[in-house]
Structures are given as structure tokens and as C-alpha cells.
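Just so it is clear, none of the values below were taken in a lab; they were calculated from the coordinates. Keep in mind the model is a prediction, meaning the values are calculated, not measured. FYI the Cβ positions are ideal-geometry reconstructions off the backbone, even for glycines, and counts take in every protein chain you see.
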Amino acid sequence: KTAELKSSTSGMGSDRSTMYSPVISYKYKFNGKSFEYENSEFGSSNRSEVENILNKYEKGSEIEILVDPQNPDKSGIFELSTQPNFIIYFMMGFGVVFVGAGILVYLVFGSFDLFGPPTDAPSNSSFDIILDLLGPLFAFSVGAIFAYIGYYLHKKGDIIIKTWKMVEAQVVSS
């Protein structure tokens, strides 16, 4: 057997979902030392997508992997490491939408009181002004946090691809 399909189910009743991961073992040499690694980091709810990935990795085939030069027993299959990650792009998009919503609410309504409808009436106290700004500020802050986390994860992936070394490996049985 070259690789295997690992599945995990979560949720209850009609909310049950199953995630599939390809488990691919390979061996490689780095700086004169031999290593063997079992890669099962990629996952999808689409079983046929994961089966298609498994079909690419037959026993004895040569593949390209990325190896952490600081910790050579850590590695990842290059093809799977460079696939777009939906979660990262979702977080960045979600963040941009919330930042935009915060700005839009402030620009359209002038202010937005969390404890009542939008108002253009002048505020009498600095406390009223602060309350009026909380809605757009909250939306903007949530958006900025999500956008930053998505950007950070995206840049972290870029750093790994740029700093880890490309090495040839051979698929082995798992």
C-alpha cells in the first residue's frame, strides 16, 4: 500500500461532516542524513479530491518536498504546501468586508449608536460621541483583526516556501 485515506467525522445528527486526509509516507536525505516522514496535513471534505491526490503518489515515485533547514525532520510535499488555503483567504476577505462595513456605516450615517437607531442629532456629551462611534469602530476593529490574521498566515506560508529547501524524496509504504 502506497498511501492511505484517513477520515474523521465530527458533529451530531444532520450536522455531521467528514474530513478526508491523504496519508503519504516518503523518505529523503538532507545534509547527508536520512529521514522518513508521514504527511497528512492536507484535508478536504471532498473524498474524490483526496483520492485523486493519493493516486499521484505511487510507491517508489519521486516527489519534490520542502525541508526546514533548521529542523530537517520537518518537511512537506511541495505540491500540497503551495495549494491555496481557503481559510486564509476567507479570513482576509471577511476582514476586508468588516473594515469596509465599519467605514461605510460611519460615512453613510455619520455615526451609529449601538443602543439605538442611526442618528444625525448632535450629541450633548463626549460620552454620547463615544457611544456613537462604537458601532463603526467595532466593525472596523473586528475586520482589521481578521484581515491581519489572514495576512499573517499567508505571509508565514510564503516564508516557509522561500526559506525551506527543495529536496527530492521517494514515496514509501505507510
- Query: Once label points are set 7 Å from the Cα along Cα→Cβ at both I145 and K33, what is their separation, rounded to one decimal in nm?
  - Reply: 4.0
- Give me the number: length gained by fully extending R16 to N55, i.e. 0.36 nm times residue separation minus the C-alpha to C-alpha distance, one decimal in nm. 11.4 nm
